[in-house]
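Structure, as structure tokens:
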């Protein structure tokens, strides 16, 4: 009886093991963390990007590049003083994080030879994301779904995440687009 109580108490304390994120989930979660950090904490990059890179937590999987394809650029009004971060999650798939030194914005795109729809959904459904962002709207258009999230600490900061509604629908083009902006007080 004592052993049964001991094992039951141990099971409650240990709980279910947490499933480790895949490299693609780590990459997307890191891109979103980078987005938040760049916009909400300029001190992390104003005097050099080392603190920013450390906070994102992707190590050498993330690096600055001089330019990116047109498909990875943000909308034209957000193309000012941009910096481009490539996140190589796997040999054939990853993300691009575009930030600005002048505008409170960031833009994430993802694609490659792997279906990112389940990856994106997993990150958006994770407790870590939900603890920082709350869903404030959603709209479907064809095979795409766009969800709007507001930052829980800074409600003026919102992000739109567009991706396929179901797995296997967008393997021939950019699979996820996330654009975040901070609405300045008028």
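Readers should treat all values here as calculations from the given coordinates under stated rules, not as data from a laboratory. Owing to the predicted nature of the structure, the values given are computational and were not obtained by experimental measurement. Counting neighbours? That spans all protein chains shown, and the Cβs are built from the backbone with ideal geometry, glycine included.
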Rounded to the nearest 0.05, what FRET efficiency is calculated for residue 64 and residue 90 with R0 set to 25 Å and r the Cβ-Cβ distance? 0.80
Just to be sure I understand the model, the point goes 7 Å from the Cα along the line to the Cβ. What's the resulting residue 169 to residue 20 distance in nm? 3.2 nm
Specify the angular offset, from 0 to 90 degrees and rounded to the nearest 10, of the alpha carbon long axis of helix 23-40 from the longest principal axis of the alpha carbons in the chain. 60 degrees
Once the Cα atoms of helix 2-14 and of the chain are each reduced to a long axis, what angle between those two axes, in degrees from 0 to 90 to the nearest 10, is obtained? 0 degrees
Extension gain residue 71-residue 183, at 0.36 nm per residue separation less the Cα-Cα distance, in nm? 37.9 nm
Counting only C-alpha contacts under 8 Å and six or more residues apart, can you give the relative contact order of the chain as a whole percent? 18 percent
Tell me which label goes with the value of Rg and Dmax of the Cα atoms in Å computed from the coordinates here: (i) 22.3, 76; (ii) 18.4, 69; (iii) 27.8, 110. (ii)
Residue 140 to residue 50: extension gain in nm, 0.36 nm per residue of separation minus the Cα-Cα distance? 28.5 nm
